[in-house]
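Engineer: Questions regarding the structure given below will be posed in turn.
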């Protein structure tokens with residue numbers, strides 16, 4: 001990850017999604033996404049999933065941090081500070097990035 005564009009790595013992470021509606025085949029330069037039927041799971045880069053989500057075509061599967069996970073991490077790090085900091089889950093930063101950007105998307109649609 002370079003310091004110039006740290007979000008680029010997170011944008012290109014592969015995420016699991018579930019199609020809410022039928023998604024037609026999408027083809028763009030260097031990328032082809034096969035058609036997906038409604039209620040089917042599939043994997044795609046996060047930036048593609050984000051656009052599909054903005055258009056109401058998918059929902060994420062286990063890719064963003066829910067309130068329970070934020071509370072557990074907050075408790076471990078802030079409320080119970082005895083001892084050294086605990087380790088974060090391996091995918092914490094990518095999930096945090098995805099949580100913040102999807103929240104930002106929801107704020108822009110309201």
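Engineer: Would you mind calculating the gained length between residue 39 and residue 91 on full extension (0.36 nm times residue separation, minus the Cα-Cα distance), in nm to one decimal? Working shown, then result.
Structural biologist: Details: separation 52, 0.36 × 52 = 18.72 nm, distance 2.55 nm.
Here the segment from residue 39 to residue 91 would lengthen by 16.2 nm.
Engineer: Would you kindly state how much longer the chain becomes between residue 72 and residue 16 on full extension, computed as 0.36 nm times their sequence separation minus their alpha carbon distance, in nm to one decimal? Walk me through the intermediate numbers first.
Structural biologist: Details: separation 56, 0.36 × 56 = 20.16 nm, distance 2.33 nm.
Gain on extension, residue 72 to residue 16, equals 17.8 nm.
Engineer: Just need the relative contact order of the range 1-100 here, percent rounded to a whole number, with Cα pairs under 8 Å and 6+ apart. Please list the in-between numbers first.
Structural biologist: Numbers: 117 pairs, mean separation 28.0, N = 100.
Computed value for the range 1-100: 28 percent relative contact order.
Engineer: How would the range 6-109 be classified by its alpha-carbon gyration tensor: rounded, prolate or oblate, with rounded meaning a/c under 1.5 and the a/b versus b/c comparison settling the rest?
Structural biologist: Numbers: a/c = 2.60, a/b = 2.22, b/c = 1.17.
Prolate shape, in that a/c is at least 1.5 and a/b is the bigger ratio.
Engineer: A follow-up question, please. What's the whole-number percent of alpha carbon pairs in the range 30-72 lying beyond 13 angstrom? List each step's numbers first, then the result.
Structural biologist: Working: 561 of 903 pairs.
Looking at the range 30-72, the distances longer than 13 Å represent 62 percent of pairs.
Engineer: Here's a follow-up. To the nearest Å, what is the center-to-center distance of the range 86-100 and the range 10-78, using C-alpha atoms only?
Structural biologist: 15
Since every read-out is calculated from the coordinates, none of them should be taken as a lab result. These numbers come from a predicted model, not from an experiment.
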